[in-house]
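So the structure is just underneath, and the comments pick up after that.
Bear in mind these aren't lab numbers, they're just calculated from the coordinates by the rules spelled out. For clarity, every value in this text was computed on a predicted model and none was experimentally measured. Virtual Cβ from ideal backbone geometry, glycine too; neighbours counted across all protein chains shown.
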Amino acid sequence: MKNHFSLRRFGLLFRKHSVEHYKSYLMSLIVLVGIMALVMGYVAYSAGKLDTTLQELFFMLFLVGAGTMFTSTVFSDLGDQKRAIAFLTLPASLLEKYLVAWIYSFLIYVLLYVPAFYLVVTMIINIGGRGTEEAELLKLFGPKGNFDSLIIMYAFLHAVSLVGAVFFRKVHFIKTIFILFLGFFAVIVLNKLLLQTMLGHDNLSAIPLSGATIIEDGQGYKLGVPEADSSFTWIVSIGFILIIWAASYFKLKEKQV
């Protein structure tokens with residue numbers, strides 16, 4: 001069949017995927033809510049509070065942890081020869097199949113995760129009998145919100161997980177995380193070596209796409225992108241994520257039969 005995008009065919013494929021998997025997805029969401037309730041409830045009971053700092057930490061951990069695990073399974077059919085043949089010969093283009101997996105593992109996952117998280121936090125606060133002043137809900141949106149940074153971080157890890165889901169045949173999540181940690185460590189080392197060469201200082205600390213701190217005479221001097229030009233970091237980050245998403249799609253195209 002022609003390997004072009006058809007909106008009608010994409011809609012049929014999306015509906016087919018939804019009908020076949022909505023029960024397992026719903027069950028997974030219920031399990032995630034249960035785990036969040038147990039973990040955050042235990043911490044709130046032990047610490048006597050669930051402040052916004054703890055809420056943001058748990059929001060990030062569960063968003064990334066559950067999201068990357070789910071994403072690593074979206075192309076699990078490719079790991080089995082019979083299921084791979086059925087997946088690849090399904091009368092839909094690979095772009096349509098990729099978009100269905102991308103929408104479910106990124107857009108729909110985030111849209112369901114955010115209200116589920118707030119549902120759990122609200123229940124814990126109400127059960128604990130906290131006043132609104134003592135137990136403020138995490139503000140993700142608005143001037144004080146940090147949702148944009150969190151979603152960029154998840155988008156990057158989601159893109160990497162998609163590549164791992166296509167590339168590895170078995171144990172996708174573990175192998176992807178292992179490669180991710182190795183790559184992250186290598187980037188940190190290379191970034192520091194490059195800055196040491198450029199700045200002529202050996203005693204410094206640096207994080208990729210962020211500033212560098214030079215230690216001299218016991219004092220730290222920070223070098224970085226001015227606040228007015230911080231949009232450059234966002235552009236680079238988004239561009240890098242788009243490249244990885246594209247790489248996962250082209251890797252999927254190699255699986256054609």
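For the stretch 7-169, the Stokes-Einstein estimate of translational diffusion at 20 °C and a viscosity of 1.002 mPa s comes to 122 µm²/s, using the Kirkwood hydrodynamic radius over alpha-carbon pairs.
Remark: for residue pairs K175/K251; K139/K175; K23/K175; K23/K49; K97/K255; K16/K175, the C-alpha separation exceeds 23 Å in K139/K175; K23/K175; K23/K49; K16/K175. The chymotrypsin sites (Phe, Trp or Tyr not before Pro) of the stretch 54-162 meeting both criteria, a DSSP state outside H, G, I, E and B (loop) and at most 16 other C-beta atoms within 10 angstrom of the site's C-beta, are F141.
Estimated at 0.36 nm per residue, the fully extended path between V189 and F147 surpasses their Cα-Cα distance by 12.3 nm. For the pair T52 and K16, label points projected 7 Å from Cα toward Cβ lie 4.8 nm apart. With the cut-off at under 13 Å, measuring from each backbone N in the stretch 77-94 to a point 7 Å along the Cα-to-Cβ line of S6 picks out 90-94.
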